[in-house]
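*Asks:* This is the structure I want to talk about, given as structure tokens.
The values are calculated or read from the model by the stated rules, or taken from the named source; none is laboratory data. Please read all numbers here as calculations on a predicted model, not as lab measurements. When we count neighbours, we look across all protein chains shown, and the Cβ atoms used for this are built from the backbone with ideal geometry, even at glycine. Please note that ligands, DNA and RNA were not included when accessible areas were found on the heavy atoms of the full protein model with its side chains. Shrake-Rupley method; radii C 1.70, N 1.55, O 1.52, S 1.80 Å.
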Amino acid sequence: MTALYALTICASAALLFLVQPMFARMVLPLLGGSPAVWNTAMVFFQAALLAGYAYAHAGAAWLGVRRHAALHLVVLLLPLAVLPIAIPAGWSPPTGGNPSPWLLGLMAVAVGLPFFAVSATSPLLQRWFAATGHRHGADPYFLYAASNVGSMAALLAYPVVVEPHLRLAQQSRFWMWGYWSLVVLIAACAAMLWRTSKAGGSSAPAEAAVPVPQNPNSKTQNPKSITASRRLRWVFLAFVPSSLMLGVTSYLSSDIAVIPLMWIVPLALYLLTFILAFARREWIPHLLVVRAFPMFVIALVLLYNLQMAEPIGGLIALHLVTFFLAALLCHGRLAADRPAPEHLTEFYLWLSVGGVVGGIFNALVAPVIFHSIVEYPLALVLACFAGLGAAVPVSAAAAAAAHPSPSARASALPALRASIAPVLFGMVTIALVLLVERTSYRTNPLVTGLLFGVPALICFLFSRHRLRFALGVGALLIAGSFFQREKGSVLYAERDFFGVNRVMLDPTGEYHLLIHGVTLHGRQSLDPARRREALTYYHWSGPAGQVLQSYAHAPTSRVAVVGLGAGSLAAYAQAGQAWIYYEIDPAVERIARNEAFFTFLHDAAAPMRIVSGDARLSLAAESEESFDVMVMDAFSSDAIPVHLVTREALALYLRRLAPGGVLAFHISNLHLDLEPVFGNLARDAGLAALVRDDTDVSPLDYHNGKSPSVWLVMARAPADLALLSRDPRWVVPRTNAQPVWTDDYSSLLRAFRWR
């Protein structure tokens, strides 16, 4: 019986966590590859999980486990009407505004019913198991570990096994067959429940004491005392790791690439902490986690404030380990406070509420109220407070509420005293940062190291008191927000579904910069004599300048540019030409049109038409053979929109390209080697292709605003590229044996630069 129930719960969890990256992968191309796609999808999945847990709790309470088992078998048959999972016909994202409501509606229609049916499995089967009268039924929480093992195995398998070897249509069919298998397993569990109940098994488990969990500070709980404050504690302890998981995911996705690997690793660690916290055996000593967590937090905050960008592997590891320890502490407190089995479904329900609240806060609320990714450091501060607290036995809490002691009534005074030191500490640190910012020492590594290193050491001394430590960490992070170093000053910042855009004045006061996340997307000189000069990746001496000066020089040239940025390429426009920009992010268009920031569009010799929305959908609406030059500049950020790099997308570009026309792709990328990806596409389509690596930029050119870049061009015939092929800097691109990317197959993992 134990093996059957554990296998069924494990299989259901695997299905749940295979469908999440699979469906997000389906919908990601429609929304430009934004990290917010995953966070919004997580809100839906958490809400659907909450609905499944509520159904499991209410059904067992109202109908009893035997009748609810019969009902659940009927519920499991309903999703068969919408399988296999796919994006329904006719669903296109909105061209303006926040697409989050559209995405949530799409997911409800396409995947809502199957996800709901599967999500109820774990709490439902644990409740059934407790009702069978099995000798382990008094504490069925160990089956929660089986659930999380299945979840983590599925998540890790997706980027390593599933995505590289199966197309999306195949993934969807395999998932459907897995669902059928799950229905059979659940039916077997229901049959065993009915048989054991008839044989005299109790419909409710014995009132046995819950074994002592791994937290050594906790004691055996009172199984009947479920108070409002205890429920709120469950919600809070579930909210903090959920918010922290999405925060670290957004942070890593913005700095690395929007690929399932960057989504899956934090979620897999999140699930691993559940496994460890609810396991019967203490795999990681609780005292070790308590001692290690403050050290990792202080190291993370120190490097965060110093704006360290290298080594990227070490930084990612630091963020993930800190998140893991925080989640393990919070989930350990939840495990220590778990109730008796008759309250099991309610316990999971409140945990799900906390997860949903965390998801809503990060995906829907934070982008509206914050101009940067503030929710990540905020969740880190809350984790310092929540994770380092000791679990309070319910019996002790109830006694304290009934007979408050003088120390309890005066508990506000110690809290006030604890907050004085970190507040003063934060004020002094902020004052020092502002002082150094006004001097030439702000770029001195030794000075900046001492500026944050000494306060970080002082903050670590607060770690024996959780409130003082949490406030100290918050003070350090606030102080770090005043430190600009060599970045310059922020003139304007705007955050929306597609990320954070900032307009900055560089430290020399000579340029305006447009930065999306951590990627430079445009630079303009404030010198009137140079303000019409295209800089950065679009410099006249670079590949982009060479292509446009060679192929877009005629007065009748028609040019399409995917990706607006600051509008730098408009500097190459000539009178009489027709130029169209395609831009998915409304905030970018607003910034590029604002002449207080950038004037490329205003100064252009030809009118600039801007089409909002996904470029591929917009290009599909254009007439055949419309453009002489098509520039694809959506790949310069490290988060590339994969749907613009497929066989089907290239076929669309060719239909819109005039005879003799040229396609130019900006493939600069810090973490992905895109040259063989495009080389394979060109070879597959029978096109001529050349690539120019212009990453060796002289110090003088760099000082004058030029940035390193790599560009690749394609045309129908070699003769169409004759103007470039005579230049030895343009060479035939590399190819490899990897499959050509298509709309239902791509593997960014295989394009990742591992060194």
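*Asks:* So is ALA190 touching a Leu at 6+ places or on another chain (Cβ under 7 Å), of a type outside the set (Asp, Glu) and either under 24 Å from LEU349 (Cβ atoms) or modelled with pLDDT of 90 or more (or both) or not?
*Replies:* Values: touching a Leu at 6+ places or on another chain (Cβ under 7 Å): yes; of a type outside the set (Asp, Glu): yes; either under 24 Å from LEU349 (Cβ atoms) or modelled with pLDDT of 90 or more (or both): yes.
Criteria met by ALA190.
*Asks:* In addition: Out of LEU526, LEU535, LEU601, which single residue is free of Cβ contacts under 8 Å to residues at least 24 places away in the same chain, touching a Gly at 6+ places or on another chain (Cβ under 8 Å) and not basic (Lys, Arg)? Step through it out loud before you land on a result.
*Replies:* Numbers: LEU535 fails: free of Cβ contacts under 8 Å to residues at least 24 places away in the same chain; LEU601 fails: free of Cβ contacts under 8 Å to residues at least 24 places away in the same chain.
Going through LEU526, LEU535, LEU601 in turn, the sole match is LEU526.
*Asks:* Now a separate question. Go through the stretch 464-495 residue by residue and tally those that are touching a helix residue (DSSP H, G or I) at 6+ places or on another chain (Cβ under 7 Å) and open to solvent by less than 30 Å² (accessible area, probe 1.4 Å).
*Replies:* So the count comes out to 12.
*Asks:* Looking at LEU83, LEU71, LEU76, can you tell me which residue is among the aliphatic types (A, V, I, L, M) and part of a loop (DSSP other than H, G, I, E, B)?
*Replies:* Working: LEU71 fails: part of a loop (DSSP other than H, G, I, E, B); LEU76 fails: part of a loop (DSSP other than H, G, I, E, B).
Of LEU83, LEU71, LEU76, the one residue that is among the aliphatic types (A, V, I, L, M) and part of a loop (DSSP other than H, G, I, E, B) is LEU83.
*Asks:* With the checklist (1) within 30 Å of GLY613 (Cβ to Cβ); (2) touching a Gly at 6+ places or on another chain (Cβ under 7 Å) in hand, flag the one item SER92 doesn't pass.
*Replies:* Every listed condition holds for SER92 apart from (2).
*Asks:* Let me ask something else. What tally of residues in the stretch 516-534 results from selecting those that are in a strand (DSSP E or B), open to solvent by 20 Å² or more (accessible area, probe 1.4 Å) and touching a His at 6+ places or on another chain (Cβ under 9 Å)? Show your work before the answer.
*Replies:* Narrowing the stretch 516-534 to residues in a strand (DSSP E or B): 516, 519-525.
Next, only the ones that are open to solvent by 20 Å² or more (accessible area, probe 1.4 Å) stay: 516, 520-521, 523.
After this cut, where a residue has to be touching a His at 6+ places or on another chain (Cβ under 9 Å) as well, the list is 523.
Summing the residues that are in a strand (DSSP E or B), open to solvent by 20 Å² or more (accessible area, probe 1.4 Å) and touching a His at 6+ places or on another chain (Cβ under 9 Å) in the stretch 516-534 gives 1.
*Asks:* Oh, and also: Given ALA279, ALA268, ALA299, which one is aliphatic (A, V, I, L, M) and surrounded by fewer than 18 Cβ atoms within 10 Å (Cβ to Cβ)? Before you say what the answer is, go through the steps one by one.
*Replies:* Details: ALA279 fails: surrounded by fewer than 18 Cβ atoms within 10 Å (Cβ to Cβ); ALA268 fails: surrounded by fewer than 18 Cβ atoms within 10 Å (Cβ to Cβ).
Answer to the check: ALA299.
*Asks:* Now, a different point. List the residue pairs whose Cβ atoms are under 7 Å apart, where the first residue sits in the stretch 443-472 and is charged (D, E, K, R), the second is outside any helix (DSSP H, G or I), and the two are 6 or more positions apart or on different chains.
*Replies:* ARG466/LEU388; ARG466/GLY389
*Asks:* Would you check if ALA3 is in a helix (DSSP H, G or I), under 31 Å from the mean Cα position of the chain (by Cα) and surrounded by fewer than 23 Cβ atoms within 10 Å (Cβ to Cβ)?
*Replies:* Numbers: in a helix (DSSP H, G or I): yes; under 31 Å from the mean Cα position of the chain (by Cα): no; surrounded by fewer than 23 Cβ atoms within 10 Å (Cβ to Cβ): yes.
Against the criterion (in a helix (DSSP H, G or I), under 31 Å from the mean Cα position of the chain (by Cα) and surrounded by fewer than 23 Cβ atoms within 10 Å (Cβ to Cβ)), ALA3 does not qualify.
*Asks:* Could you check, for the stretch 156-168, whether at least one of its residues is in a helix (DSSP H, G or I) and of a type in the set (Lys, Arg)? Break it down into steps so the answer makes sense when it comes.
*Replies:* The first filter runs over the stretch 156-168 and keeps only residues in a helix (DSSP H, G or I), leaving 156-165, 168.
Among the residues that remain, those that are also of a type in the set (Lys, Arg) are: none.
The answer is no, given that none of the residues of the stretch 156-168 is in a helix (DSSP H, G or I) and of a type in the set (Lys, Arg).
*Asks:* Next question, about the same structure. Among (1) surrounded by fewer than 17 Cβ atoms within 10 Å (Cβ to Cβ); (2) closer than 17 Å to MET632 by Cα, there is one condition ALA685 misses while meeting the rest; what is its number?
*Replies:* Going through (1) surrounded by fewer than 17 Cβ atoms within 10 Å (Cβ to Cβ); (2) closer than 17 Å to MET632 by Cα one by one, ALA685 breaks only (2).
*Asks:* Further, regarding this structure: Kindly indicate whether any position in the stretch 480-493 is modelled with pLDDT of 85 or more, out of contact with any Cys (no Cβ under 9 Å at 6 or more places or on another chain) and closer than 26 Å to MET632 by Cβ.
*Replies:* Checked against the condition, which is being modelled with pLDDT of 85 or more, out of contact with any Cys (no Cβ under 9 Å at 6 or more places or on another chain) and closer than 26 Å to MET632 by Cβ, the stretch 480-493 yields no hits at all.
*Asks:* Which one of ASP696, ASP727 is open to solvent by less than 60 Å² (accessible area, probe 1.4 Å) and of a type in the set (D, E, K, R)?
*Replies:* Values: ASP696 fails: open to solvent by less than 60 Å² (accessible area, probe 1.4 Å).
Sole residue among the options that is open to solvent by less than 60 Å² (accessible area, probe 1.4 Å) and of a type in the set (D, E, K, R): ASP727.
*Asks:* Report whether or not ALA396 is modelled with pLDDT under 85 and under 30 Å from TRP102 (Cα atoms).
*Replies:* Numbers: modelled with pLDDT under 85: yes; under 30 Å from TRP102 (Cα atoms): no.
So ALA396 does not fit the description; no.
*Asks:* Which one of these does ALA153 not meet: (1) touching a Ser or Thr at 6+ places or on another chain (Cβ under 7 Å); (2) more than 30 Å from ALA366 (Cα to Cα); (3) at pLDDT 80 or above; (4) open to solvent by 40 Å² or more (accessible area, probe 1.4 Å)?
*Replies:* For ALA153, the exception is condition (1).
*Asks:* Scanning for something touching a residue at least 40 places away in the same chain (Cβ under 8 Å), of a type in the set (Lys, Arg) and either buried (at least 18 other Cβ atoms within 10 Å of the Cβ) or touching an Asp or Glu at 6+ places or on another chain (Cβ under 6 Å) (or both), does the stretch 650-659 turn up at least one residue?
*Replies:* yes
*Asks:* While we're here: Take the residues in the stretch 587-630 that are open to solvent by 30 Å² or more (accessible area, probe 1.4 Å) and assigned to a helix (DSSP H, G or I), then tell me which one is farthest from LEU514 (Cα to Cα).
*Replies:* ALA620
*Asks:* Something else: Across the stretch 315-374, which residue is farthest from GLN126 (Cα to Cα) among those that are in contact with a strand residue (DSSP E or B) (Cβ under 8 Å, 6 or more places away or on another chain) and either surrounded by 24 or more Cβ atoms within 10 Å (Cβ to Cβ) or of a type outside the set (Phe, Trp, Tyr) (or both)?
*Replies:* Quick first cut of the stretch 315-374, residues in contact with a strand residue (DSSP E or B) (Cβ under 8 Å, 6 or more places away or on another chain) only: 367, 370-373.
Of the ones still in play, those that are also either surrounded by 24 or more Cβ atoms within 10 Å (Cβ to Cβ) or of a type outside the set (Phe, Trp, Tyr) (or both) are 367, 371-373.
Working: PRO367: 37, HIS371: 43, SER372: 41, ILE373: 38 Å.
Once the filter is applied, the top-ranked residue is HIS371.
*Asks:* Can you name every residue in the stretch 46-101 that is exposed (fewer than 14 other Cβ atoms within 10 Å of the Cβ) and of a type in the set (Ser, Thr, Tyr)?
*Replies:* Selection gives SER92 alone.
*Asks:* Oh, and also: Check whether at least one residue in the stretch 30-44 is open to solvent by 40 Å² or more (accessible area, probe 1.4 Å) and in contact (Cβ under 8 Å) with a residue 40 or more places away in the chain, and report yes or no.
*Replies:* From the stretch 30-44, those open to solvent by 40 Å² or more (accessible area, probe 1.4 Å) are none; that's our starting set.
Scanning the stretch 30-44 turns up no residue that is open to solvent by 40 Å² or more (accessible area, probe 1.4 Å) and in contact (Cβ under 8 Å) with a residue 40 or more places away in the chain.
*Asks:* Could you check the stretch 535-554 and list, in sequence order, the residues that are crowded, with 24+ Cβ neighbours inside 10 Å, within 34 Å of the chain's Cα centre (by Cα) and farther than 17 Å from TYR511 by Cα?
*Replies:* Answer for the stretch 535-554, where residues must be crowded, with 24+ Cβ neighbours inside 10 Å, within 34 Å of the chain's Cα centre (by Cα) and farther than 17 Å from TYR511 by Cα: PRO543, ALA544.
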